[in-house]
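The values are calculated or read from the model by the stated rules, or taken from the named source; none is laboratory data. Keep in mind the model is a prediction, meaning the values are calculated, not measured. Cβ: placed from backbone, ideal geometry, glycine included. Neighbour counts: every protein chain shown. The protein model used for the area step is the full one, side chains on, heavy atoms only, and it has no ligands, DNA or RNA in it. Shrake-Rupley method; radii C 1.70, N 1.55, O 1.52, S 1.80 Å.
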Amino acid sequence: LDYSAQVYDQRLDSASRVVSKEKTQSTNGQPAMLASSTTSTSRATVNVRTVVVDDGKTTATDGIGSSDVGEDANDQVCYRDTLEVADGCGPIDSLANALMRALLPTYPYLKNVELVDYKVRILDPASATNAATRVMIEFADTASEATWTTVSVDRNVISASLNALVDGVEYALVEHAPVCMLCDDAYTL
């Protein structure tokens, strides 16, 4: 998988906190809560490039997100770029939601994959905010009841989390999916 991502967290934006605080103050003794402040606080955008089996019926859009179909310079391998946006309870939840939303049309097997546990550990606490973080994510396959853990280290916790998420999804496709276009022998160049 080739991917890029961007995350916006409402709680980190000081202007959003001020607006949210003003709208949650009571009017006539009744609180006026924003629906969005209680459901999702983050939004992630993920752009994923996947290999597509060219069956002659490839379309330029799948109706859910934005997608472009193209071929490489040798006109041998077709690929699809899919741009998806999803909301979540935090930046990692929104990244996981956007990633799954982008991949499920191409890899329906991923509906069996669940994120079971998410752990973050600071590796060098003396470095304060410049510390390296280790992210461990445990996944489970509901079809086979198999579990696996992926690990990523980066000074940016979001980057480490996204890398661990993608590694876990790739592992699920390579090891547990009936068909996988990620394997080297899946197609010939």
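If I ask for residues that are assigned to a strand (DSSP E or B) and of a type in the set (Val, Ile, Thr), which ones from segment 125-151 would you list? Write out each step before concluding.
Restricting attention to segment 125-151, the residues satisfying the condition of being assigned to a strand (DSSP E or B) are 133-141, 147-151.
Listed by number, the residues that qualify are THR133, VAL135, ILE137, THR147, THR149, THR150, VAL151.
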(request) List every residue pair whose Cβ atoms lie under 9 Å apart, where the two residues are 6 or more positions apart in sequence or sit on different chains, the first residue falls within segment 90-109 and is under 17 Å from ASP2 (Cα atoms), and the second residue, located anywhere, is part of a helix (DSSP H, G or I) and at pLDDT below 90. (result) LEU103/LEU173; TYR107/LEU173
(request) Within segment 96-124, track down each residue that is open to solvent by 80 Å² or more (accessible area, probe 1.4 Å), assigned to a helix (DSSP H, G or I) and within 17 Å of ALA140 (Cβ to Cβ). (result) LYS111
